[in-house]
Structures are given as structure tokens and as C-alpha cells.
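The values are calculated or read from the model by the stated rules, or taken from the named source; none is laboratory data. The shown structure was predicted, so the numbers you read here are calculated from the model rather than taken from an experiment. Using ideal geometry, Cβ is built from the backbone for each residue, glycine included, and neighbour counts are taken over all protein chains shown. Note: areas computed on protein heavy atoms with side chains; ligands, DNA, RNA excluded. Shrake-Rupley method; radii C 1.70, N 1.55, O 1.52, S 1.80 Å.
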Amino acid sequence: MTSYPANTAPRTFSPNSAEVIEISKIIEKLSNKVHDLSLVVNGKKVTGAGNKIPVFLPHRKADQYALVSLPSEKQIREALENSLKVSTEWAKTSTTERAAIFNKVADLIEFKYKDLLVAATMVGQSKTVFQGEIDAASGLIDAIRFNSKFALDIEQMQPPDSEVTNIVLDYRPLEGFVYAITPFNFTTTSAILSSAPALMGNVVIWKPSITAMLPAQILMDIYQEAGLPDGVINLIPGYGPEVSEILLADENLAGIYFTGSTKVFRQLWREVGNKLDSYRNFPRIVGETGGKGFIVAHSSADRDRLISGLIRSAYEYQGQKCSACSRAYISRSVWDDIKDKLAAEINSLKYGQIDNFKNFMGAVIDQTSYTRLSEVLRSIAADPEIEILAGGKANDEIGYFIEPTLIVSNNPNNKVFSNEYFGPILAIHVFPDDKYEDILGIIEQTSPYALTGSIFSENEVVIESSLDKLRNAAGSMNVNDKPTGAVMGKHPFGGSRASGTNDKAGSLQGLLRWTSPRVIRTVSNSTTDILHLHQL
Ligand code: NAD
């Protein structure tokens, strides 16, 4: 096995540092221009012949920063035909060559483009500088470097005594093309989903979210500069259904690599199921979907670590992480100790413009999300089972801002403990100290999702038994830390149940989905006999 790359430390952006001055300039430049964003097919930027969609800054809703030109049906078909043409040559490249290209991508980001990519992610996604850094710089660089290492390791995974038996596993790419579909909220996810199948020798048609097109186009430029041959990854913007109508109907669909909501993933799977007879292969379907991350605090929990974990995981990036904590179960004695401090800390969180580095939060992604979350806040306010302890308001005068909101309910079956809102809303249920075991059963059953969770306790026995009881409640389980955040390469991420296929993006297991191994057995002394001994 090859050695592990070192993880990239995120920069801290201390006040008035050169880092802050430099990135502020780029943020300003990117924010005050309307970027023309469109297709990249066969290495060339092509203006989409379809509708033109204006995209606005989430935190300054009157200011347009992008115009996305959507492709015509003909352009989507051309992209598909072209990628299939390129697939034969690309499939012949060695893993070493491909890993070298993607290692170059990581180097280019680390040494040349990280400020640009971080600033683009802050501007388009309304991220604070630290959220931008861990997403579009340190996390992304690590994800690409570790995947390159894993691809080389996979090649070395051969049958036992393969030299003696002359049996070799040839890690072929899938036959056809991979359709990568990415969400608005993580540039790292965009990079992993577009590049991992290509690293394994596949051609990719990548459809990012319209609101994440700015970092997507920058990534495409970086892939090209690193030497990725034209047409291996093609960028097709769109809402989704119009692109799927063409791509899912093609017999060469080899796989779907999706991250986004459970509803859309189910729809895609259904469509593939309906067309199953028409494909040359059974398409690989990989999806990382919704979440309802939880924290459970035993009476032995460290109070201050718990407060930090609750606040960071519920409100950083406005709660728009699939891993966000949106429900917490806190034992009565802990709650009595932390309640006032927790509410005061939440009330003091600043939110607003992303170029003011003092702000803890930016805006939610767009008007649709704002309208949906405002409606959720209205229904919470009208619910007699719920008490609002902090926040609860929405304000869209300048941008799409939702206050960090803390609510409490005595009913652990209230819908606030099961629905994914994808916003800065944290629901708390307080339980008697001696009912800890019962609450584990409730957590396990309440939500359809099983992505992230955290156990806060200073008692080893309690931790062990909680891990046991919550075995299927989360694909990523944390002890005495928040459920958000994954150290790329070392912390494979994904969940099961309604949270997806749990193929762990950013891991060796994840890459294995994009190869279809062929066994090659070479025999130099095969027998000339026909009958076996007992037949003589
Ligand atoms: P979404 O499902 O609305 O969109 C995701 C992507 O699917 C977008 O690119 C969208 O344009 C596309 N899409 C929609 N309909 C389509 C169709 N018929 N064919 C092809 N593409 C289609 O999700 P979102 O709002 O962008 O992201 C938020 C969701 O993503 C949340 O549910 C969150 O939990 C989830 N998410 C999960 C993970 C994870 O690792 N589990 C990570 C990030 C986000």
C-alpha cells in the first residue's frame, strides 16, 4: 500500500492577517461581477442555447453575480456522444497516470487556486471564511489526494498468491458513462463526485446545482490545467429533470453518483428501475442523501463541550449540512445546567455579510429555501407543543437570513425531531436522567435518516452501550464531539436508511463502486487430459 498523504491544515484567518486582506480582495472582485457560466464539453466552454438563469448573492439578494446558460437538448446529446467517444482512450490510461493528474489538481488548488476557490464558495454559497476554507481548500485538497492514493492501493489488491496462480484483477472502469449530480452546499462534494469516477477510468457527465456553478466552473479549469484530457469530465448545468430525461434514457448509463435530497434520489432510482431493460449493464447507483443528525447527552456529559458541539453543528453554515445536528436529547440535570448559557450564546451569534469575518453565519442559499424555512418557523410558532428559546425569525430585507433558532418540545415524536429542514433550527427534548436507555430507543426509531450522531458522556460504560444500541442510527457516529465535520481521507462519510447507500465518499470503499474488475487467468501448463482419475 502507498503511504498516506498528510492532511492539509485549514488556515485560521486571524484578524488583519495577510490571508484576510488577500481573500477579501478576491471576494469583492467575484461579488461585483456577473459571471457567465455554462457548459464545458470536450474541454471547451460552450454557451448553453437554452434558458438563461440569473443567480443572486444569497446574502445580498438584489445583486446578481452569475448568469447560467442552460444547454439545449441537442447540446446535452452532443456532450453525451462526445464523452462516449473519449471513454475508450481514457479507459486505457493507467491508474498511475490518472492518479498523477489528480494529484496535480490537488497541488494546483493548494499552491495556486485555493483563495479563488474558497472565495467563490463563500460568495456563491454564503459561507463564512472558515466554512469556505474547510470545504473548498483543506477538505477538497485532502479528498483528491487521498482518493489518488486509494486508487493506487486498489490496484494492488490482488488475489492471494496471484503470481503463483497467475490470476490478476484488472480494475476496469465501468462500461459507458457516469452521471454525477451534486448539491449546492459543498464544493468538496462537487469535486469528489465529478473526479472519483474519472480517477477510476470512467468518463463523467457532471450536473452541479445551478447555485454552485461558480466553484464548479473553476474546478473544471483546474482539471484541464492539471492535464485531464478533454471530454473526460463534462459540465452540464441544469435543474435536473431535463438532463436526466436524456441521460437516463441512454443504454450506456453505467452509474449515477448523487448527493442531494432523499426525494430526488428516490425519483432517480425509480426512473432507472423503470428503464432497466434498456441498459447494457446494471447501472451502479450511489447516493448520499438527507440527514437528521442528533446529539444525545447523558447526565455525565461535559457541559461546555456539549454547548460548543450543539452550536457549531446546528448553526455553522446555517444548518445547511447533511450532517448538521437538528435534534438533541438532553438529560434533565445537564439541561438545567446549560439551558441559560446555551440560549444566551445562540442569541449572541452574529449573522450577515460573508465579507465581515466576525459573522458566524451567512444567508440560506436562495429564495426557495428562505420561503420554505420561513414557513417552518411559522408552523413552529403556532405549535402548542413547542417553546422557542432563541431566534425564530426570518428576515429577507437584504439577503435570505434565518435566525439561529432553538426550540424545545416535551413530545419526542413531534415532527421537528424527524423532518429534515436543512436550516438553522435545533430541536431539544429533555428527558429524566434515569430514562437514558429509553431515549436511545426513541432516537433509534424517530427519524427515517441515519447519517450522523453524537454521544456526549464521560462514562465509558454508557458510551459502549449507547454505541451498541445506536448501531444502525448513524453511519457517522461521534463520541464527545459534534456530528459535523469529517477529516477527509481519514473519516469516510455516509449513512444508510433514508440517508443513502452508505458508500462512503472519500474512501477506498467509495472508489470501488466505480470499477468493474475483470479477472485475467493465464495458465501455461494446463492439462491435456479429458477424463478424471475416477473415470478411467
Ligand atoms: P436537491 O436534491 O434539491 O438537489 C441535488 C442535486 O440534484 C442538484 O444538482 C439538483 O439540480 C439535482 N436534481 C434535482 N432533480 C433532479 C433530477 N430529476 N435529475 C437529476 N438531477 C436532479 O438537494 P440540494 O438542495 O442541492 O442539497 C440539499 C440536500 O442534499 C439535503 O437533503 C442534504 O441532506 C443533502 N446532502 C447530503 C449529503 C450527504 O453526504 N449525505 C451531503 C450534502 C448534501
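Computed values, structure above
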quantity: Residue in segment 402-423 that is at positive phi and in contact (Cβ under 8 Å) with a residue 24 or more places away in the chain present; calculated: yes
quantity: Test result for Val203, at pLDDT 95 or above and either more than 16 Å from the ligand (Cβ to nearest atom) or in contact with a Cys (Cβ under 7 Å, 6 or more places away or on another chain) (or both); calculated: yes
quantity: Tally of residues being in a loop (DSSP other than H, G, I, E, B) and open to solvent by less than 30 Å² (accessible area, probe 1.4 Å) across segment 406-424; calculated: 6
quantity: Subset of segment 78-122 (residues that are open to solvent by 30 Å² or more (accessible area, probe 1.4 Å), among the aliphatic types (A, V, I, L, M) and either more than 26 Å from Asp170 (Cα to Cα) or in contact with a Phe, Trp or Tyr (Cβ under 7 Å, 6 or more places away or on another chain) (or both)); calculated: Leu84, Leu116
quantity: All strands (runs of 3 or more DSSP E) inside segment 204-309 with 3 or more residues being more than 19 Å from the chain's Cα centre (by Cα); calculated: 293-297
quantity: Number of positions in segment 261-276 that are in contact with a strand residue (DSSP E or B) (Cβ under 8 Å, 6 or more places away or on another chain), near the ligand (Cβ under 7 Å from one of its atoms) and open to solvent by 20 Å² or more (accessible area, probe 1.4 Å); calculated: 1
quantity: Among residues of segment 479-490, those that are surrounded by fewer than 23 Cβ atoms within 10 Å (Cβ to Cβ), on the phi < 0 side of the Ramachandran plot and more than 15 Å from the chain's Cα centre (by Cα), counted; calculated: 3
quantity: Set Phe130, Phe150, Phe184: member being open to solvent by 10 Å² or more (accessible area, probe 1.4 Å), in contact (Cβ under 8 Å) with a residue 12 or more places away in the chain and within 29 Å of Ser69 (Cα to Cα); calculated: Phe184
quantity: Members of segment 45-104 found to be under 15 Å from Pro229 (Cα atoms) and among the small types (Gly, Ala, Ser), listed by number; calculated: Ala79, Ser83, Ser87, Ala91, Ser94, Ala99, Ala100
quantity: Candidates Leu140, Leu116 - the one that is touching a residue at least 40 places away in the same chain (Cβ under 8 Å), part of a helix (DSSP H, G or I), over 23 Å from Val519 (Cα atoms) and within 16 Å of the ligand (Cβ to nearest atom); calculated: Leu140
quantity: Test: residue in segment 218-231 that is in contact with an Asp or Glu (Cβ under 6 Å, 6 or more places away or on another chain), surrounded by 21 or more Cβ atoms within 10 Å (Cβ to Cβ) and assigned by TED's automatic domain parsing to the domain that holds Val123; calculated: no
quantity: Count of residues meeting criterion [under 16 Å from Ile295 (Cβ atoms) and open to solvent by 10 Å² or more (accessible area, probe 1.4 Å)] in segment 448-458; calculated: 2
quantity: Failed criterion for Phe282 (all others in (1) farther than 30 Å from Ala100 by Cβ; (2) open to solvent by 10 Å² or more (accessible area, probe 1.4 Å); (3) outside the structural domain of Leu406 (by TED's automatic domain parsing); (4) within 11 Å of the ligand (Cβ to nearest atom) hold); calculated: (4)
quantity: Segment 306-360: number of residues that are within 16 Å of the ligand (Cβ to nearest atom), open to solvent by 20 Å² or more (accessible area, probe 1.4 Å) and hydrophobic (A, V, I, L, M, F, W, C); calculated: 1
quantity: Candidates Gly255, Gly240, filtered to the one that is touching a Gly at 6+ places or on another chain (Cβ under 9 Å) and either away from the ligand (no atom under 11 Å from the Cβ) or under 27 Å from Ile141 (Cα atoms) (or both); calculated: Gly255
quantity: Count - residues of segment 491-528 that are open to solvent by 80 Å² or more (accessible area, probe 1.4 Å), over 17 Å from the mean Cα position of the chain (by Cα) and not polar (S, T, N, Q); calculated: 3
quantity: Residue check, Leu169 open to solvent by 10 Å² or more (accessible area, probe 1.4 Å) and in contact (Cβ under 8 Å) with a residue 24 or more places away in the chain; calculated: yes
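So that you can scan it fast, the table gives a plain yes or no per residue for (1) touching a residue at least 24 places away in the same chain (Cβ under 8 Å); (2) over 28 Å from Ile205 (Cα atoms); (3) surrounded by 13 or more Cβ atoms within 10 Å (Cβ to Cβ):
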| position | (1), (2), (3) |
| --- | --- |
| Met1 | yes, yes, no |
| Pro10 | yes, yes, yes |
| Ser14 | no, yes, no |
| Glu28 | yes, yes, yes |
| Gly43 | yes, no, yes |
| Val46 | yes, no, yes |
| Asn51 | no, no, yes |
| Pro54 | no, no, no |
| Ala66 | yes, no, yes |
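Residue-wise test of (1) in a helix (DSSP H, G or I); (2) among the hydrophobic types (A, V, I, L, M, F, W, C); (3) at pLDDT below 95.
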{"residue": "Ile144", "(1), (2), (3)": "yes, yes, no"}
{"residue": "Asp153", "(1), (2), (3)": "yes, no, no"}
{"residue": "Glu163", "(1), (2), (3)": "yes, no, yes"}
{"residue": "Tyr179", "(1), (2), (3)": "no, no, no"}
{"residue": "Ala196", "(1), (2), (3)": "yes, yes, no"}
